[in-house]
């Protein structure tokens, strides 16, 4: 059997697996899978894709991302055709407890990252390609299978621009242009040249082919292999449901499997196949990876009461901990001189990558880096992470290790106005499974919490403040995740005021003013918002008449609701001061007063609770 004949036969086997597994499941996307069979068969079994099936974590493996994750029947069938899984397991597709879920997840060991929310795979691929070319300096290539429908997503065009900017010749996109979307024809249908021109205008090397012609596919991958400067996009004209006349290029079959009777007709149409034939995936070269040595680091060096913005302390903290956490990579969305990630750019330029004003792509790139073992610190204004929430949401399913840092949080940023104020960020990150949320109030806690974030495995959000605030803590103070600091306490405390960030300083001002009137309050720095220091909160609830949370954030989903959620089964009297009016431009103190989250508002509320 010639190479061409074997590839064509493997394609038939894979079509068989797609059809029988999706019919057995009673759901799924066989038509979207069938259109890309030849493309993926050639990639896998013609010596192009280099992968050690026995070691999915081999750092020299080529990477494959199914951005069109609904084509999971094809994804799993490829590995069945490679002998990595058997047909019995293939028939568990979409069943509870199976590794073969409806869209690829990490339960299946050959999944690079979970996909399903369209328009994200190319960004992840950019991150993996950046890692190979600029950080680990490895020869692996990253391949991303894209659907034409998802090319309407703007995040793909953010990724196209950045990949060209960084000259990622080790990144290959495979665009399956099968013309039909879920409910109608795609925006450009089979206008292959028009699609190619649009992608090429971003600086990609574009190759147009018949996506069902094995020789044309082989030639395209050979050209991609030799590309020295540009990322490559293979734009393939295909037909949805290819190989089954009942389905091929027919509307209204998206997400619908064949019935058992229709399946028998389709299998007869495929003709005879030898299901025992398996394809071989070429293994990569074995390369020794040398890691940079981790070095000891010094304590921060701040003076008590000196005023430093926590956003600046974040940049300084990254530089401080860099020798110990050598896998750190810093990304910023063209705000580095405000978030102070520019400090790393200055000291360790090889680990700083500018993402420009494209937050969705930035988070996707961070996920790609995280899945290759890096510790990405991703910074921008807190408000702008909302734009990338879908990418943040998807990262939770990838068991990712991304450190998000949002500056310019709350009304205390002042004159820039409401559009720039992060007032939803705590609520947003609280909903992300397993995500840690840290909110430092001074330079020392910021530096130490930046280190805690680097040491922690999993997603972390750090909220920083624009205005300079006084240093409250000594440099040797520790700030474990899940902790808090009780700054003011006595046996006569009538109310416990719980705050973080800018409002902690307002609470301390209120403490001093109330002290002069012989009114004692307890003040807690709730620097860890998720997880919370539940024991300290419960203790304060028992020892004082009421708890009062104060936050520069909307009431919905913020600190007040976080505290309420863990004390809901107690008889605690809990009150909340939060941003409840539409913010305006103004001086920071004017806005804190306007929103009734300043020291004066705290004093007034405490007196009403005595």
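Within the stretch 599-609, not a single residue is surrounded by fewer than 22 Cβ atoms within 10 Å (Cβ to Cβ) and not in a helix (DSSP H, G or I). No other residue among 100, 106 is surrounded by fewer than 24 Cβ atoms within 10 Å (Cβ to Cβ), assigned to a loop (DSSP other than H, G, I, E, B), modelled with pLDDT of 95 or more and in the same structural domain as residue 135 (by TED's automatic domain parsing) apart from 106. Considering (1) surrounded by fewer than 24 Cβ atoms within 10 Å (Cβ to Cβ); (2) at pLDDT 95 or above; (3) in a helix (DSSP H, G or I), the lone condition that residue 5 does not fulfil carries the number (2).
Among the residues of the stretch 260-288, the one identified as out of contact with any strand residue (DSSP E or B) (no Cβ under 7 Å at 6 or more places or on another chain), surrounded by 11 or more Cβ atoms within 10 Å (Cβ to Cβ) and more than 30 Å from residue 242 (Cα to Cα) is 287. The set of residues in the stretch 196-217 being assigned to a helix (DSSP H, G or I), crowded, with 19+ Cβ neighbours inside 10 Å and in contact (Cβ under 8 Å) with a residue 60 or more places away in the chain consists of 214, 217.
Filtering the stretch 154-185 to residues that are in a loop (DSSP other than H, G, I, E, B) and either closer than 27 Å to residue 48 by Cβ or not assigned by TED's automatic domain parsing to the domain that holds residue 65 (or both) leaves 166, 167, 168, 169, 170, 178, 179. In the stretch 473-532, the residue that is surrounded by the most Cβ atoms within 10 Å (Cβ to Cβ) out of those that are touching a helix residue (DSSP H, G or I) at 6+ places or on another chain (Cβ under 7 Å) and assigned to a helix (DSSP H, G or I) is 507. Taken over the stretch 547-594, residues that are more than 23 Å from residue 435 (Cα to Cα) and not in a helix (DSSP H, G or I) amount to 20. Among the candidates 95, 88, the residue that is at pLDDT 95 or above, more than 24 Å from residue 131 (Cβ to Cβ) and assigned to a helix (DSSP H, G or I) is uniquely 88.
Which one is nearest to the chain's Cα centre (by Cα) among residues in the stretch 186-195 that are assigned to a helix (DSSP H, G or I) and closer than 28 Å to residue 362 by Cα?
Taking the stretch 186-195 and keeping what is assigned to a helix (DSSP H, G or I), we get 192-195.
Now narrow it down to the ones that are closer than 28 Å to residue 362 by Cα: 194-195.
Values: 194: 31, 195: 28 Å.
Restricting to residues being assigned to a helix (DSSP H, G or I) and closer than 28 Å to residue 362 by Cα, the top hit is 195.
Looking at residue 14, is it in a helix (DSSP H, G or I), surrounded by 24 or more Cβ atoms within 10 Å (Cβ to Cβ) and touching a residue at least 60 places away in the same chain (Cβ under 8 Å)? Considered against the rule, which asks whether it is in a helix (DSSP H, G or I), surrounded by 24 or more Cβ atoms within 10 Å (Cβ to Cβ) and touching a residue at least 60 places away in the same chain (Cβ under 8 Å), residue 14 comes out as yes. Residue count for the stretch 401-427 satisfying the condition of being more than 17 Å from residue 583 (Cα to Cα) and buried (at least 22 other Cβ atoms within 10 Å of the Cβ): 8.
The values are calculated or read from the model by the stated rules, or taken from the named source; none is laboratory data. In this text, all values refer to a predicted model and were calculated from it rather than measured experimentally. All Cβ positions, even for glycine, are placed from backbone atoms using ideal geometry, and neighbour counts span all protein chains on display.
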